[in-house]
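In what follows, a structure is listed as structure tokens, so that the remarks can point back to it.
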Amino acid sequence: MFSLSRKDLAALAVFAAVVLAMPIWLAPFGAAYPGLMQKFAIYAIFAIGFNILFGLTGYLSFGHAAFLGVGSYTTVWSFKLLTMDIMPAMVFAVIVSGLFALLIGYFSLRRTGIYFSILTLAFAQMSYSLAYSVLTPITNGETGLLLARNDPRYIDAIFGAQANIAGLPQPTLLGSSVSGYMGFYLCAVVLILAFYVSQKIFASPFGMALRGIKSNQTRMNYTGFNTRPYTLAAFVISGMFAGLAGALLSITDPLAGAERMKWTESGNVVLMTILGGVGTLFGPVIGAWLIKYFENIFSAINTNMLNNFFSFLPDGVQGFVVTVLSKFVGEGWHLTLGLMFVLIVVFLPGGLVEGFNRFVARLKRRKDARDGVGSTQPAE
């Protein structure tokens, strides 16, 4: 039940090694600090879950940020009402997000194609509006839901865990702090588990049925195969992954705000999946890492940094180069992301994973051709 094929097991081992070694190989790129690595892991989980829906069934949702926000709010409420231990918060976040996804999916999946996408976007925007201005007793509106020292935390109160709190309480795992690198490795372990679950889904009969739905849902319906439960299950599982990512966001930064439910967050996960490779195991993770790297590194570059970097150029050339490049960094980093996305869609519609596979195949063909020429013997 929990076993993997030899190929999938090797892929999981490589993936786990890469994720756990992030502090080492990200150091040369200036991204080896806990806060950013936590985002890498969390948004990779978000993208993996989205890929189960979009990559396997072909249903493009523009409303997955709603589940991210629900997971965040549920986590903070668990901290406020129950305990600062993260385990109940994560469980509740996944369950509540799954139930919310079941409700939205029940109505949205009555339509396909662009109509499904518009329905999910509409539900997400309604969720954002409710969180921002209507359900303020629950969400605290535009200020966001925050922790306070006088929160009841009934479970902690029973065991006397609140007695010696100085300042705001912080999330813990069995009494241990989950800040800094501990927080990153928590997210890393959850990411590896999420990747493992994704592998099991991709290789299962359920995953094969989802691929059949993506290939030709009409034909499957004509053969008597009821596709509705399968698409709804994929939607709920995807929503639960998003809720888990939202929970980790509130664990590493204990607050929840309506901005996590905006349509831009839903658009980001679409970009992550397409950029890396729709329907692949590694693609969404790579896409999430790239976009979060651009967001946090390129957006921090300013004109002074560019002037210092290109100081070796003549004054006129330096001014021109800095003027042009300044449009693609800092607040304009979205231009860099957009340009990269256009290039990927035009030249590598299968994403970066397809580009890598093409490169490996080309190297193999060249090697085979070279070996074939070298092994030719002259006629006697």
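The values are calculated or read from the model by the stated rules, or taken from the named source; none is laboratory data. Just so we're clear, the structure is a prediction, and the values are computed from it rather than from any experiment. Backbone-built Cβ (ideal geometry, glycine too); neighbour counts: all protein chains shown. When the accessible area is computed, the model is the full protein with side chains, heavy atoms only, and any ligands, DNA or RNA have been set aside. Shrake-Rupley method; radii C 1.70, N 1.55, O 1.52, S 1.80 Å.
For this structure, a couple of remarks:
- Scanning the range 174-184 finds one or more residues that are part of a helix (DSSP H, G or I), open to solvent by 60 Å² or more (accessible area, probe 1.4 Å) and touching a Pro at 6+ places or on another chain (Cβ under 6 Å).
- Every residue from the range 1-36 that is closer than 20 Å to Phe206 by Cβ, open to solvent by less than 40 Å² (accessible area, probe 1.4 Å) and not aliphatic (A, V, I, L, M): Asp8
- Checked across the range 154-162, the condition of being buried (at least 20 other Cβ atoms within 10 Å of the Cβ) and in contact with a helix residue (DSSP H, G or I) (Cβ under 9 Å, 6 or more places away or on another chain) holds for no residue.
- Taking every residue in the range 342-369 that is touching a residue at least 24 places away in the same chain (Cβ under 8 Å) and pairing it with any residue that is open to solvent by 80 Å² or more (accessible area, probe 1.4 Å) and in a helix (DSSP H, G or I), at least 6 positions away or on another chain, the pairs with Cβ-Cβ distances below 9 Å are Gly350/Asn357; Gly350/Arg358.
- Of all the residues in the range 94-110, those that are farther than 21 Å from Val190 by Cβ and open to solvent by 90 Å² or more (accessible area, probe 1.4 Å) number 4.
- Residue identified as closer than 30 Å to Phe46 by Cβ and either open to solvent by 70 Å² or more (accessible area, probe 1.4 Å) or in contact with a Lys or Arg (Cβ under 8 Å, 6 or more places away or on another chain) (or both) among Val353, Val329, Val342: Val342
- If only residues of the range 319-336 that are in a helix (DSSP H, G or I) and hydrophobic (A, V, I, L, M, F, W, C) are counted, the one that is farthest from Phe298 (Cα to Cα) is Phe320.
- Restricting the first member to the range 195-209 and to residues that are under 21 Å from Ala16 (Cβ atoms), and the second to residues that are open to solvent by less than 30 Å² (accessible area, probe 1.4 Å) and small (Gly, Ala, Ser), the beta-carbon pairs closer than 6 Å and six or more apart or on different chains are Ile201/Gly207.
- Residue satisfying condition, being surrounded by 22 or more Cβ atoms within 10 Å (Cβ to Cβ) and either touching a helix residue (DSSP H, G or I) at 6+ places or on another chain (Cβ under 7 Å) or assigned to a helix (DSSP H, G or I) (or both), within set Ser198, Ser215: Ser198
- Checking each residue in the range 60-70 for being open to solvent by 10 Å² or more (accessible area, probe 1.4 Å) and either assigned to a helix (DSSP H, G or I) or in contact with a Phe, Trp or Tyr (Cβ under 6 Å, 6 or more places away or on another chain) (or both) picks out Leu60, Val70.
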